[in-house]
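A.B. asks: Starting off with a structure, shown below.
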Amino acid sequence: MTQRPLSGLSIVIVEDDYYQAQDCRLILEEAGAQVVSVSAKLPDLDRLLAEGRVDLMLIDINLGHGLSIDFARNLKARGIRFAFLTGYDAEMLPDDLAGSPYLSKPVDGARIVAALADLGGGAL
Amino acid sequence: MLAGLKDERMADFSHNPDETLFGAAFHALPDAACILERVAEDGEDTGEWRYLASNTALCRLLGVDDLAGQTLGTRFPEMVAAWAEDFKRVLARGTPEVLLRKGIRSDQVYEVVLSPLRHGGREAIMARVRDISADHLARERQRELDERYKRLFDAIDEGFCIIRVLFGDDGTPNDYEFLEANEAFVEHTGLRDPIGRSMRSLQPDIEDQWAATYGRIALSGEAERFESESLAMGRWFDVFAFPIGDAAPYLVGVLFEDVRERKAMELALRHSENRLQSLIEATSDLIFRMNPEGTLMQQLGGNSLLGDVTGESDWIENFVAPADRARVRKVVEDAIAGHGSIEIEHRYLRPDGEIGWLHSRAVPVFDDTRTVTEWFGMSTDITSRRLAERQLVHGAQMLRVASEIGKVGLWDWNVETGELIWSDEHYRMMGYEPGEVQPTVDTWAERTHPDESARVNAAVAAAMETGEEYVCEYRVCQPGGEVVWLSARGRFLYDEQGKPVRMLGALIDTTQRRREEEWQRLLVAELQHRVRNLIGMVRSVARLSAPSHRHVDEYVDHLIGRLQAMGRTQSTLTRSPGRSVDLAELVREELLVHAVQDDKCHVAGPEVALSPHAAEIVTLAIHELATNSIKYGALGDTGYIRIVWSREDRDGKPWVSLRWQETAPVRKTKATRKGFGRKLIEERVPYELQGEGRFALHDTGVLAEFEFPLSDAGSILDTRS
């Protein structure tokens, strides 16, 4: 990868599958991002923000023991940009989140990077 | 007349009554008579009276000789007190008086006329005495008769009066005067105090006909009886008028009665009779009478259901269908015995030769002694009703069977009365035993899921409003807590004014269908999810597998082995969806796949159920360890493997702890890099299962340990994205 479109962006990954989470981390790091957290469960947002800047979040919708919908609403309310990553169809998203960026599995690295770059482009 | 006589002459006169003409006349009077004067001494009244003269009739009456010169006190001492006052009064007043006296010595009644006499300064009393006992008795009798007549008069209920008809100048009768009236008169006429007054003065607008009728009787002397209405008085009268007296114009006695009420009743009765007659003529029923024994019947009117039958006939023998005769006879006999009424439905022979059905009713008519004199009744042809009923029964049976076989609940709601009828299946769908409750809109609403009420009610209201079919699928909460889905279709029926009167509909239970649809939807979603997930995982596994292999063949072998292990987990899970996976089974199968001999391994541990997610990871871990061991360790040589696990409680949660321990004479290679299996145990287990994992390479072989909390067994739908 010659281009580093995510350079300088702090990204949090919430994905309950270990392999895919690691895969994403590699892809995003190769694209220049700083992956500040990879977790299988919903992180404590306040603590995460206290530890440092968070520009973007890549969130799996179904985390095995619960959905991340409410978490996403919280992000939206606090103005933190995020993209969904899921094996389900976009139809299952509730109406108020239907407009959120959305990546359907399986997804290749280029698309993840492009989607996050779009979101990050509007960042400070 | 005698006052001027001198004493001596008086004496002479008394001694010789025939001497003068007056004397002769005095003696010739048929009535007893005498003349008396006061006896005075020295100008003082002594209270004594002296007879100056007495005539022959008096002497005969008293049974004495001539009394002249004698005093009343000496002859009749008791008379002085009886008469003295009367004599004095008559003298004082100077006018005659007529007195009625009973005889002192007898029961005779006398009329006594006392006349004062004045002559030449002398005062005397002339008394004339007449025996009127016979007259008096007759009058007394008449008076009693009158009294009795008057009492009778007043005692009768009818009005009675005696009138004198008043004729006009042209001789036509135009009014009449009441001479007498009894007490009931007022009650029957409403006229008060009629005596001495004329009819027109009491009732000015009285019709002329009354005076005309009474005038006719007064002149003809012929009694008349008539009934007539007086609109002026607002009454009907039943009158008997008869002449009284000896010659025309007669008085008229009127005996009468106000029959207004009787007339009103007669009128009502006539109306009632007319109505009854109209009813009998108009009715489609046969009206009949029967003899007390119930054997002979006569048609009275109405519909000639039995054809042209006149006179009495044995109706059971002639008209009742043979098959029903015995039953009809029994009913009639029972009714006669019990003095009850007859009511029976039976077949009969119609005039057209067909068999029809009759509904016959009859009631007994009793006389004063409670003996049945006849029966009165009616029969209705109910052939078409019976037919309709039978068809209805068939239809209802078919509907019931169809709805039960088809599991369809039916309802019939009378919108006006609120009456609701449910089929048995409808009861069951609502969680009731058939007939357990009287269904109402409320019973139905109670079982409807609270979240659905508004929507269902809106759908019913819309269907009622528009006349379109009511279609609604909604949930019902049964008492056991079970929620079932019902699909309802119905339709309103309306009257001529477009008012909804009835709603009919059917229900089917769609719970199972919805469950299956939901299951199918989830399965499709899950399949889609898994396929996508699997591809993602394969991609990641392929990428992560790459760095540890220098040769492509080796890489491909490893990749295929891992994909096969993942595939085994998937097939285990789909084979028994919704179930957990037994750890011992999982381990043995994985060793079997790698052809590990029983004598080279020891597997031991308690029964542990793994969630699908944990099973996937453990399968892959055993696969990696086994592959590695075959290639480099104990399984590739004469070594031995112990695989043991245990359960334990950590902070109240069950954990499983598994150990893989190889014992081999010598290691072929010494891997230092963090390979796929090691990463799996040391990183993936903590990441995905929130557990711990250690991987160590000793001289004698690998020692791998991992432990994680046991979550509830997941199902096929326990998914991860």
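A.B. asks: So, of the residues in region A:59-106 that are charged (D, E, K, R) and within 14 Å of chain B (Cβ to nearest Cβ), which turns out to be surrounded by the fewest Cβ atoms within 10 Å (Cβ to Cβ)?
C.D. replies: For region A:59-106, the residue satisfying everything is A:Glu91.
A.B. asks: Let me ask something else. Could you tell me which of the residues B:Ser284, B:Ser304, B:Ser278 is within 34 Å of the chain's Cα centre (by Cα), part of a loop (DSSP other than H, G, I, E, B) and not hydrophobic (A, V, I, L, M, F, W, C)?
C.D. replies: Testing whether each residue is within 34 Å of the chain's Cα centre (by Cα), part of a loop (DSSP other than H, G, I, E, B) and not hydrophobic (A, V, I, L, M, F, W, C) leaves just B:Ser284.
A.B. asks: Something else now. When region B:285-330 is examined, which residues are found to be in contact with a helix residue (DSSP H, G or I) (Cβ under 7 Å, 6 or more places away or on another chain) and under 15 Å from B:His346 (Cβ atoms)?
C.D. replies: B:Gly294, B:Met297, B:Leu306, B:Ile316, B:Val320, B:Arg325, B:Val328, B:Arg329
A.B. asks: Let me ask something additional. With (1) among the hydrophobic types (A, V, I, L, M, F, W, C); (2) more than 30 Å from B:Glu111 (Cα to Cα); (3) free of Cβ contacts under 8 Å to residues at least 24 places away in the same chain as the list, and B:Leu145 as the residue in question, which single condition is left unmet?
C.D. replies: Answer for B:Leu145: the failing condition is (2).
A.B. asks: When you look at B:Ser379, is it of a type in the set (Ser, Thr, Tyr) and in contact with a Leu (Cβ under 8 Å, 6 or more places away or on another chain), yes or no?
C.D. replies: yes
A.B. asks: Answer yes or no as to whether B:Gln520 is closer than 15 Å to B:Ser487 by Cβ, more than 8 Å from chain A (Cβ to nearest Cβ), modelled with pLDDT of 75 or more and part of a helix (DSSP H, G or I).
C.D. replies: In short, no.
A.B. asks: Look through B:Leu591, B:Leu573 and report the one residue that is touching a helix residue (DSSP H, G or I) at 6+ places or on another chain (Cβ under 9 Å), more than 14 Å from chain A (Cβ to nearest Cβ), surrounded by 14 or more Cβ atoms within 10 Å (Cβ to Cβ) and modelled with pLDDT of 80 or more.
C.D. replies: B:Leu591
A.B. asks: So which strands (runs of 3 or more DSSP E) stay within region B:173-249 end to end and still have 1 or more residues that are within 24 Å of B:Asp146 (Cα to Cα) and of a type in the set (A, V, I, L, M, F, W, C)?
C.D. replies: B:173-181, B:235-244
A.B. asks: Here is a further query. Given the condition surrounded by 11 or more Cβ atoms within 10 Å (Cβ to Cβ) and hydroxyl-bearing (Ser, Thr, Tyr), answer yes or no: does some residue in region B:411-421 qualify?
C.D. replies: Looking for residues that are surrounded by 11 or more Cβ atoms within 10 Å (Cβ to Cβ) and hydroxyl-bearing (Ser, Thr, Tyr), one finds none in region B:411-421, hence no.
A.B. asks: Same structure again: For region B:226-243, enumerate the residues that are hydrophobic (A, V, I, L, M, F, W, C) and closer than 13 Å to B:Arg216 by Cα.
C.D. replies: B:Ala241, B:Phe242
A.B. asks: Here is a further query. Pick from region A:73-95 the residues that are closer than 24 Å to B:Gln528 by Cα and in a helix (DSSP H, G or I): which of them is nearest to the chain's Cα centre (by Cα)?
C.D. replies: A:Ala90
A.B. asks: Any residue in region B:65-77 that's at positive phi: show its pairings with residues that are assigned to a helix (DSSP H, G or I) and buried (at least 17 other Cβ atoms within 10 Å of the Cβ) at Cβ separation under 9 Å, as long as the two are six or more apart or on different chains.
C.D. replies: B:Gly69/B:Met10; B:Gly69/B:Ser14
A.B. asks: Would you check if B:His613 is at pLDDT below 85, part of a helix (DSSP H, G or I) and not hydrophobic (A, V, I, L, M, F, W, C)?
C.D. replies: For B:His613, the condition - at pLDDT below 85, part of a helix (DSSP H, G or I) and not hydrophobic (A, V, I, L, M, F, W, C) - is met.
A.B. asks: Would you please name the residue that is farthest from the chain's Cα centre (by Cα), looking only at residues in region B:472-513 that are basic (Lys, Arg) and within 22 Å of B:Thr440 (Cβ to Cβ)?
C.D. replies: My answer is B:Arg475.
A.B. asks: Here's a follow-up. For region A:11-58, which positions are facing chain B (nearest Cβ under 10 Å) and either part of a strand (DSSP E or B) or of a type outside the set (A, V, I, L, M, F, W, C) (or both)?
C.D. replies: Answer for region A:11-58, where residues must be facing chain B (nearest Cβ under 10 Å) and either part of a strand (DSSP E or B) or of a type outside the set (A, V, I, L, M, F, W, C) (or both): A:Glu15, A:Asp16, A:Asp17, A:Tyr18, A:Tyr19, A:Gln20, A:Gln22, A:Asp23, A:Val38, A:Ser39, A:Lys41.
A.B. asks: Could we say that B:Ser272 is exposed (fewer than 12 other Cβ atoms within 10 Å of the Cβ) and modelled with pLDDT of 85 or more here?
C.D. replies: Judged against the criteria, B:Ser272 is a match.
A.B. asks: Still on this structure: When you scan region B:127-146, do you find a residue that is loosely packed, with under 13 Cβ neighbours inside 10 Å, within 30 Å of B:Ala247 (Cβ to Cβ), within 60 Å of the chain's Cα centre (by Cα) and at pLDDT 85 or above, even just one?
C.D. replies: no
A.B. asks: So, in region A:110-124, of the ones that are over 13 Å from the mean Cα position of the chain (by Cα) and at pLDDT below 85, which residue ends up farthest from the other protein chains (Cβ to nearest Cβ)?
C.D. replies: A:Leu124
A.B. asks: On to the next question. Scan the strands (runs of 3 or more DSSP E) fully inside region B:632-716 and keep the ones with 1 or more residues being modelled with pLDDT under 90 and aliphatic (A, V, I, L, M).
C.D. replies: By residue number, B:692-698, B:701-709.
A.B. asks: Inspect region B:124-140 for any residue being in contact with a strand residue (DSSP E or B) (Cβ under 7 Å, 6 or more places away or on another chain) and part of a helix (DSSP H, G or I) and give the result as yes or no.
C.D. replies: Taking every residue of region B:124-140 in turn, at least one turns out to be in contact with a strand residue (DSSP E or B) (Cβ under 7 Å, 6 or more places away or on another chain) and part of a helix (DSSP H, G or I).
A.B. asks: Go through (1) surrounded by 12 or more Cβ atoms within 10 Å (Cβ to Cβ); (2) assigned to a helix (DSSP H, G or I) and name the single condition B:Ala264 misses.
C.D. replies: (1)
A.B. asks: Let me ask you something else. Out of region B:21-41, which residues are under 23 Å from B:Glu111 (Cβ atoms) and among the small types (Gly, Ala, Ser)?
C.D. replies: Hits for region B:21-41 are B:Ala25, B:Ala28, B:Ala32, B:Ala33.
Conditions (1) touching a His at 6+ places or on another chain (Cβ under 9 Å); (2) among the β-branched types (Val, Ile, Thr); (3) surrounded by 15 or more Cβ atoms within 10 Å (Cβ to Cβ); (4) within 18 Å of A:Leu119 (Cα to Cα), marked per residue:
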{"residue": "A:Pro5", "(1), (2), (3), (4)": "no, no, yes, yes"}
{"residue": "A:Ser10", "(1), (2), (3), (4)": "no, no, yes, yes"}
{"residue": "A:Asp17", "(1), (2), (3), (4)": "no, no, yes, no"}
{"residue": "A:Gln22", "(1), (2), (3), (4)": "no, no, yes, no"}
{"residue": "A:Ile27", "(1), (2), (3), (4)": "no, yes, yes, yes"}
{"residue": "A:Ala33", "(1), (2), (3), (4)": "no, no, yes, yes"}
{"residue": "A:Val38", "(1), (2), (3), (4)": "no, yes, yes, no"}
{"residue": "A:Glu51", "(1), (2), (3), (4)": "no, no, no, no"}
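A.B. asks: If I go through region B:405-427 residue by residue, how many of them are in a helix (DSSP H, G or I) and either among the acidic types (Asp, Glu) or without any contact (Cβ under 8 Å) to a residue 12 or more places away in the chain (or both)?
C.D. replies: 3
A.B. asks: Can I ask one more? From the list B:Glu468, B:Glu473, exactly one residue is of a type in the set (Asp, Glu), more than 26 Å from B:Arg428 (Cα to Cα), more than 14 Å from every other protein chain (Cβ to nearest Cβ) and outside any helix (DSSP H, G or I). Which is it?
C.D. replies: B:Glu468
A.B. asks: Also, quick follow-up: For region B:40-113, list the helices (runs of 4 or more DSSP H) that sit wholly inside it and hold at least 2 residues that are in contact with a helix residue (DSSP H, G or I) (Cβ under 7 Å, 6 or more places away or on another chain); which are they?
C.D. replies: Filter on region B:40-113 gives B:72-75, B:77-93.
A.B. asks: Return a yes/no flag: does region A:90-101 have any residue that is touching a residue at least 60 places away in the same chain (Cβ under 8 Å) and under 17 Å from B:Asn533 (Cα atoms).
C.D. replies: No: zero hits.
A.B. asks: I've got another one for you. I need the full set of residues from region B:677-711 which are out of contact with any Phe, Trp or Tyr (no Cβ under 9 Å at 6 or more places or on another chain), facing another protein chain (nearest Cβ under 10 Å) and either acidic (Asp, Glu) or surrounded by 21 or more Cβ atoms within 10 Å (Cβ to Cβ) (or both), in order please.
C.D. replies: Passing the criteria: none in range.
The values are calculated or read from the model by the stated rules, or taken from the named source; none is laboratory data. The structure presented is a predicted model; accordingly, all values stated were derived computationally and were not measured. Glycine gets a Cβ as well: all are built from the backbone with ideal geometry, and neighbour counts include every protein chain shown.
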